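Have a look at the structure below before the remarks.
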Amino acid sequence: MIVESAGGGTGRHVLDLSEGLAQRGCEVHLIYSTGRIDRMFTDRLAELHGIRRTALAMRTSPHPGDLGVVRAVRRYARANGPFDVIHGHSSKGGAIARLAAFGTGASAVYTLHGLIMMDPLLPRWKWLLYWSIELGLSLRTGRIIAVSPEESRAAVRLGLGRSRMVTVPNGVGPAELAPRSQARRLLNVSDDAIVIGFVGRLVEQKAPEVLIRAFAATSRITPAARLALVGAGPLEAPLRELAGQLGVADKVIWLGERDARGVLAAFDIFALSSRKEGLPYVVLEAMAAGLPVVATSSAGVEILIDPGISGTVVGPDDVEAFAAALIDLTGNPRRLAEFGQASYERSLQFTVDAMADRTLDAYLSTVGEAHAS
């Protein structure tokens, strides 16, 4: 396993998968970056047993120094292999894995985790650069794993190869949440408040300004509504200013960076306004907590949300539609409860065991093809 972006959902996926594969009898080696990493990754990594791990300095953007990382991985493979599979995660990890696997006899596998060319804010020159890299490296790839159908379709449209594509959704275990009463006290909200929750970085990709504008429209119809934001980022100051301009500053709860499991039980609705996602863990966790979900069609939720049953999906950057969905749920307690139950039941289909089993199947199929040739 090779991962450069070892924080957030990608880091969690890599650790869940590494542990699941080790439990299935695989010998797992993990190479991760010393750069983009968070405390949740390092704490969890320290608890894992039976997985060999090595840290390397890696850059996020394409750089000539990447060749040195490739050489280091190849040296590691010679010293510790031979390996059947070298599996890279996200753009940089995927590139390093495929270059390092070339000529070693190992099958190269690449998990997208939010294909970068799906970002509508990506400048054209960067889009062309990343597309050229991805297209060239796809020829050296045994399997490309998408975590959502949207991501798989986008990769095929870009020419990365239909026969190489496999869809393996993320998975979660049972929700381990703080009690609702404790979580509500932490938010300092009344029993009759209807809390709309968000978890994620406050960055353009997540479009948090869309959520705040939609919430402002919602609060005019549902005065008891509150918006709780878990996360931090460069947009926090302008978002606070926007909330003040819209007259909802006293109804927005800024929770900063924290483990969302401590507050998720306080939410009544989960909202995600992203412009690009793979298949977000935060939505899976919200579903496992029994929360109805309002999200954008670009947030990787196609196989997660049953529209009109467990949540609502609207177009990206559509404040009016997002607000209408929130108003519909906050004004209908019965529908809120029914959607929440359906959301929980749907979450049971997305487990870590299923993710590990399907990934191992992908490994075996590409290794089998390599041996046959």
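Report, by chain and number, residues whose modeled amide H sits under 5 Å from the one on Met165, excluding near sequence neighbours (fewer than 5 apart, same chain).
Ile144
Scan around Val85 for amide H atoms under 5 Å from its own, H built in the peptide plane at 1.01 Å from N, and keep only partners 5 or more places away or cross-chain.
Ser107
Throw me the Rg/Rh for the chain, computed over C-alpha atoms with Kirkwood Rh, two decimals.
Reported Rg/Rh, Kirkwood definition of Rh: 0.99.
Counting other C-beta atoms within 10 Å, and keeping those with at most 14, which DSSP coil trypsin sites (Lys or Arg not before Pro) do you find in the stretch 145-178?
Taking the stretch 145-178 and a limit of 14 other Cβ atoms within 10 Å, the loop trypsin sites (Lys or Arg not before Pro) found are Arg162.
Explain nothing, just the number: dipole magnitude of the chain about its Cα centre with +1 on each Lys and Arg Cβ and -1 on each Asp and Glu Cβ, in debye rounded to the nearest 20.
Using only the charged Cβ atoms, the result is roughly 1060 debye.
Every number in this text was worked out from the coordinates using simple rules, so none of it is lab data. The structure displayed is predicted, hence computed values, not measured ones. Cβ coordinates were reconstructed from backbone atoms using ideal geometry, including for glycine residues, and neighbour counts include every protein chain displayed.
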